[in-house]
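The values are calculated or read from the model by the stated rules, or taken from the named source; none is laboratory data. The model shown is predicted, which means the values in this text are computed figures rather than measured ones. Cβ: placed from backbone, ideal geometry, glycine included. Neighbour counts: every protein chain shown. Ligands, DNA and RNA are stripped out before the accessible areas are found, and what is left, the full protein with its side chains, is counted by its heavy atoms. Shrake-Rupley method; radii C 1.70, N 1.55, O 1.52, S 1.80 Å.
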Amino acid sequence: MTWLRWALALVVLLLFLAPLAAQPGYQPSSENLKSREWFEQARFGTFIHWGIYSLLGDGEWVMQNKKIPVSDYEKLPAAFNPIDFNAAEWVSIAKNAGMKYITITSKHHDGFAMFDSKVSDWNIVARTPYKKDPLKALAEECRRQGIKLFFYYSQLDWHNPDYFPRGNTGRDAGRPEQGSFPKYLDYMDAQLRELLTNYGDLGGIWFDGWWDKPEADWQLQRTYSLIHQLQPAALVGSNHHRRPNPGEDFQMFEKDLPGGRTQGFNSDSEIGQLPLETCETMNGAWGFNITDRRYKSTKDLVRYLVRAAGANANFLLNVGPMSNGKIQPEFVTRLKEMGAWTSQYGESIYGTRGGPVAPHPWGATTRKGDRVYVHVFDTQDPSLLLTPLPSAVRSAKLLRDGAAVPFKSTDFGVVLSLPKELDPIDTIIVLDLEGKPSK
Ligand code: FHN
């Protein structure tokens, strides 16, 4: 009798686990693995939250936060006419900041497609006086300037009636209490097919919103294999704040460095084996928010980029453009200043791996072959002890001007004598290692 109970238990367990195993046995293609390598070298990207919600200047959750029913929210597109949108300007701002890719919201939780979708007229071409497809222009400009383009796509949808049963959000949108979730998934895959067919080669798809219905059968296998079939080199990532699912190609952490738990939604997150990315806002909002003046300083933003690299992760820094298509000056200035830093010190970030010394309050380390970059932010101490390195230090110098940095190798590690004047943002000491393991 007991073997029967065990068998039953096993069946129940497998049934419970089935939805989680998105693309069981997923073997990334060689193009995909090449893209992952590119991604890990890139280290710095722009996140763009832009949509009709930008009109209200109260962030991208205004429909939910203000309990705006669909019938009222549908008044917005008629007023959305971003005549000052200039794809070349956006891409140049990103590129000059040192960013290697752009991830833009093709559809956020309000369900509004910021592209020319034939699947639903709830989109920018059909419903706004603008009548043009900004993602088309952006895709062309990214190709022209050698910047990769990723599309953020929200699985959560507050507008579509077939997003039913409702999830944790979107219950005040005044939609009928009926709908077919499988039909919603067909709609979603149809729009993804448009995005993966009509905009050239993409860097990948950045999913968000799974957390609204974590128990639902999202048919992830079908969606992920569709993407890998249409564009094998495109990377799939999902901001579900959990351990990566098979079929995903990179893992993102929101407002936390990998493994960080400052944000409640990261309490269950686990670092997987995939390339990593951390996303963050410039102020406190993702979408344009006219009252949010919690701007991070350029120093803090550069240090975030460095800390992310020290934790082996990319930094995806967000801007929420205004409804006229302009990026607000506070963001443009900071990106310009970050560009001054990346153009001088970029070698200590791009193409590096995190470590060999783990991130510390004083800073972080990054590594490229036998060269280690020690990033010192703040310390009162005149010297710094680095725990044992993979091999002996041959030379130590400042990246800023090549000035030699005195050092002493001890059994407890290497002691660096720090310059009297630390750089206000990041004092970078370049260590060239012997390359053969130290005794
Ligand atoms: O709800 C979204 C939010 O609007 C924004 O898109 C961020 C970006 O990572 N993700 C969700 C919140 O976790």
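Per-structure values
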| item | result |
| --- | --- |
| Charged-residue dipole, Cβ positions (Lys, Arg, Asp, Glu), the chain about Cα centre, Debye nearest 20 | 600 |
| Net +/- balance of residues flanking Asn283 in space, Cβ distance below 15 Å, scoring K and R +1, D and E -1 | -1 |
| Inter-label distance, nm, simple model (7 Å from Cα along the C-beta direction), Arg193/Ser71 | 3.4 |
| Where a label projected 7 Å from the Cα of Glu434 along Cα→Cβ would reach, residues of the range 382-404 with amide N under 14 Å | 389-395 |
| Accessible surface of Tyr130 - all protein chains present, 1.4 Å probe, nearest 10 Å² | 30 |
| Inter-probe distance in nm under a simple model that places probes 7 Å from Cα toward Cβ, at Ser395 and Lys255 | 4.5 |
| Exposure rank, largest accessible area first [Lys118, Lys213; 1.4 Å] | Lys118, Lys213 |
| Euclidean distance of C-alpha centroids, the range 29-83 and the range 387-424, integer Å | 43 |
| Heavy-atom accessible surface of the chain: percent carbon and sulfur, 1.4 Å | 56 |
| Acute angle (nearest 10 degrees) that the helix 329-345 long axis makes with the longest principal axis of the chain, alpha-carbon atoms | 40 |
| Residue pairs, from the table Lys148/Lys213; Lys66/Lys132; Lys213/Lys336; Lys100/Lys408; Lys336/Lys397; Lys213/Lys299, whose Cα atoms sit over 32 Å apart | Lys213/Lys336; Lys100/Lys408; Lys213/Lys299 |
| Residue (of Tyr130, Phe164, Gln178) at the positive-pole extreme of the range 68-197, dipole from beta-carbon charges | Tyr130 |
| Percent of beta bridges antiparallel (DSSP, the chain, rounded to nearest 5) | 50 |
| Pairwise FRET efficiency - Trp362 versus Leu230, Cβ, R0 = 45 Å, nearest 0.05 | 0.45 |
| Length added when fully stretched, Asn96-Lys183, from 0.36 nm per residue minus Cα-Cα | 27.0 nm |
| Interatomic Cα distance distribution for the chain, bins of 20 angstrom, percent | 24, 52, 21, 3 |
| Virtual paramagnetic centre 7 Å along Cα→Cβ of Thr387, amide N under 18 Å, in the range 351-375 | 353-367, 372-375 |
| Sequence-separation-based contact order of the range 107-189, relative, with Cα cut under 8 Å and 6+ spacing, percent | 26 |
| Between helix 181-195 and the chain: long-axis angle, C-alpha atoms, 0 to 90°, nearest 10 | 60 |
| Accessible surface, 1.4 Å probe, highest first, among residues Lys296, Lys132 | Lys132, Lys296 |
| The chain - percent relative contact order, Cα under 8 Å, separation 6 or more | 17 |
| Helix 298-310 axis, angle to the chain major axis (alpha carbon atoms, nearest 10°) | 80 |
| For His109, solvent-accessible area (1.4 Å; no DNA, RNA or ligand), Å² | 0 |
| Simple spin-label estimate for Glu140 and Glu31 in nanometres, 7 Å along Cα-Cβ | 2.3 |
| Charge sum, other residues only, whose C-beta stays under 10 Å from Gln231's C-beta, Lys/Arg counted +1 and Asp/Glu -1 | -2 |
| Area accessible to solvent at Glu141, 1.4 Å probe radius, in Å² | 20 |
| The range 228-296 shape via C-alpha gyration tensor axes, a/c threshold 1.5 | oblate |
| Residue-count net charge about Val374 - beta-carbon cut-off 15 Å; Lys, Arg +1, Asp, Glu -1 | +3 |
| Over the range 285-330 - Rg/Rh using Cα atoms and the Kirkwood inverse-distance radius | 1.04 |
| Å² per residue, accessible surface of the range 272-361 at 1.4 Å | 36 |
| Residue-averaged [θ]222 nm for the chain, counting only DSSP H segments that reach four residues, each worth -39500 (n - 2.57) | -8500 deg cm²/dmol |
